[in-house]
Amino acid sequence: QVRLMESGGGLVQAGESLRLSCAASGIIRSINTMGWYRQAPGKQRELVATITGGGNTNYSDSVKGRFTISRDNAKNTVYLQIDSLKPEDTAVYYCAAEVNWRDYWGQGTQVTVSS
């Protein structure tokens, strides 16, 4: 059974930085695109950023310049570096990945930004 486990969330002040991690575990033959999504209270889940197996990245317009997605294929892990955090970045951040040609989601990690 494949699992995705996020870590690194927490309560921070505006302007600070966080680094989220998401590690895939289980019997893994292939990991293609990995990504991060977020869901703020009362809003729909939205795409934050994705990264392909070859390292090509895609970002939501709302996070370009402040968020950086990266991955370590040897560790089956994807990262999200978040700089200059804003209160509107408060959300549950979810990791998603195509593993063994199926889509998987993590359980999410809470990021709360105080002003």
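Below, the figures for the structure above:
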read-out	value
Under Karplus coefficients 6.51, -1.76 and 1.60, residue-wise ³J(HN,Hα) of region 100-115 in Hz, glycine/proline x	6, 6, 10, 8, 10, 10, x, 8, x, 9, 7, 10, 10, 10, 9, 8
Residues of the chain: accessible area per residue with a 1.4 Å probe, Å²	55 Å²
Accessible area, probe 1.4 Å, largest first, for residues 38, 102	102, 38
Label-point separation, residue 86 to residue 103 (7 Å along Cα→Cβ), nm	2.7 nm
Accessible-area composition of region 2-115, carbon plus sulfur, in percent [1.4 Å probe]	44 percent
Added length on full extension, which subtracts the Cα-Cα distance from 0.36 nm per residue, residue 47 to residue 3	13.8 nm
Linear extension gain, residue 40 paired with residue 61, 0.36 nm per residue minus alpha-carbon span	5.9 nm
Karplus-derived 3J(HN,Hα), 6.51/-1.76/1.60, for each residue of region 79-85, Hz, glycine and proline x	10, 9, 8, 10, 10, 6, 4
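The values are calculated or read from the model by the stated rules, or taken from the named source; none is laboratory data. Everything numeric in this text was worked out from a predicted model, so none of it was measured. In this analysis, Cβ positions are derived from the backbone assuming ideal geometry, glycine residues included, and neighbour counts consider all displayed protein chains. Heavy atoms of the whole protein, side chains included, go into the accessibility calculation; ligands, DNA and RNA do not. Shrake-Rupley method; radii C 1.70, N 1.55, O 1.52, S 1.80 Å.
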